[in-house]
Amino acid sequence: MSKQIFLCAINNILSGSCNEDCKFCTQSVRYKADIARYTFKPIERIVAEAKEARANGAVGYCLVTAGKGLDEKKTDYVARAAQAIKREVEGLKLIACNGTATLEQLRYLKAHGIDSYNHNLETSEAYYPQICTTHSWQERYRTCLNAKEVGLWLCSGGIFGMEESASDQEALIDAILSLEPESIPINFYHPNPALPIKARSVGRERAVEIIRAVRAKAGKERLVMVAGGRELLFGGHEREMFEAGANAIVIGNYLTTPGEAPDRDRALLRDLGYEVVERCDAL
Ligand code: SF4
C-alpha cells in the first residue's frame, strides 16, 4: 500500500487584532503587518469554505481565532460555527485553535462538535521569553493539558527557524512529545518585513533533520504535519519531507499567507505516488 497523506485546511475566522507580542506573528497589532483584519467571519461563509475544503480533499478543518485566548463570546462563536459545519459538511474532523482555554471552555467546544484542539508550544521553554513577553510558555502547556483532560484530541507543535539553537529545537520536540499529541504541526518560520525576526534560520537540510527527529520520537501512529513554510522550504522537494516522516500537510491558504492551490498539491501527491486519506478517524 502506498503511503497515505492526510490533508488539513485552516480557516482564519477572526483575524489580525491581537495585543500579544509574539515576534513571529503578523496578527499582533504591535507590528502593523499588512494583512487582512476582521472580526467574526459570517458563519454561512465559514460553512461554504468548509465545503470547498472538503471537496479539495481536506479531512481536518481548523477554526482559528486571533488573540491570546477564548472568552465567552468567542467560545460561543466557535461552537456555533462548529455546529453549523457538522450539520452541513460530512467527513470533516473539526479542530479549534483559539489560544489559551479553560477546561470549561474546552468542554463547551467539545459538546458542540469540536474534535481536537490545536495549541502550539511554539518554541522551547528556555527560548520562549525571547519571542513572547506577554504570556508564558507554561500557560501554553497548561492549555494543551486542559484539552487532553476534557477528552479532546490534541494537535500541538511549534515553529522552527526563529533563531533558536539546536538544543532549543530538541527541547521543543521533547516538550511536544511529552504531551503525547495525536497530531504534531511543524511550522518553519515565514519571514515578514514587519516582524522583528527578519530571516528564517533553518534551511531545507536542517528542516528535513527536524522532521526526521520528530517522527523518530513520535513513533508511527501520530500525524506529523508540515504546515507553515512548506512551500518556501520544500517547493519542488516535497518528497524529502515525506521520506523524512511527514504524513500530513496543510492545503490551501495559511492564516495570513497564501498557500499552494489545493489541486496542484493533490496532483503533486499523485505524481509522488502517495494516496490522499479520504476519511480521518485518527483526529
Ligand atoms: S497570541 Fe496568537 S494571535 Fe496573538 S500574537 Fe501570539 S500567536 Fe499571534
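What follows draws every value from the coordinates through simple rules; no lab data is involved. Here the structure is a predicted model, which is why all the values come from computation and not from measurement. Neighbour counts are summed over all protein chains in view; Cβ atoms, including those assigned to glycine, are modelled from backbone coordinates with ideal geometry.
Summary table
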read-out	value
Exposure proxy ranking, count of Cβ atoms within 10 Å, fewest first, for His135, His112, His237, His119	His237, His135, His112, His119
Label-point separation in nm, Val29 to Lys3, each point 7 Å along Cα→Cβ	4.4
Directionally averaged projected area (convex hull, Cα atoms, the range 104-178), nm²	5.1
Net lengthening on full extension, Ala267/Leu145 (0.36 nm per residue, minus Cα-Cα)	40.1 nm
Fewest-first sequence of Val250, Val29, Val208 by Cβ atoms within 10 Å of each Cβ	Val29, Val208, Val250
Under DSSP loop assignment and at most 16 Cβ neighbours within 10 Å, longest trypsin sites (Lys or Arg not before Pro)-free interval of the chain	69-197
Interchain or long-range residues, amide H under 5 Å from Glu163's placed H	Ser201
Spin-label proximity, Glu104 to the range 44-85 - amide N less than 20 Å from point 7 Å beyond Cα toward beta carbon	68-80
Local electrostatic count, Ala81, Cβ distance below 12 Å [Lys/Arg +1, Asp/Glu -1]	+2
Exposed-site-free run, longest, the chain (rule: GluC sites (Glu not before Pro); DSSP loop; at most 12 other C-beta within 10 Å)	91-220
Base-10 log of normalised Debye intensity for the range 4-268 (one unit scatterer per alpha-carbon) at q = 0.16, 0.17 Å⁻¹	-1.30, -1.51
Separation in nanometres of the label points that stand 7 Å from Cα toward Cβ, at Ala126 and Tyr38	4.4
Sorted by Cβ neighbour density within 10 Å, fewest at the top, the residues Tyr38, Tyr108, Tyr117	Tyr38, Tyr108, Tyr117
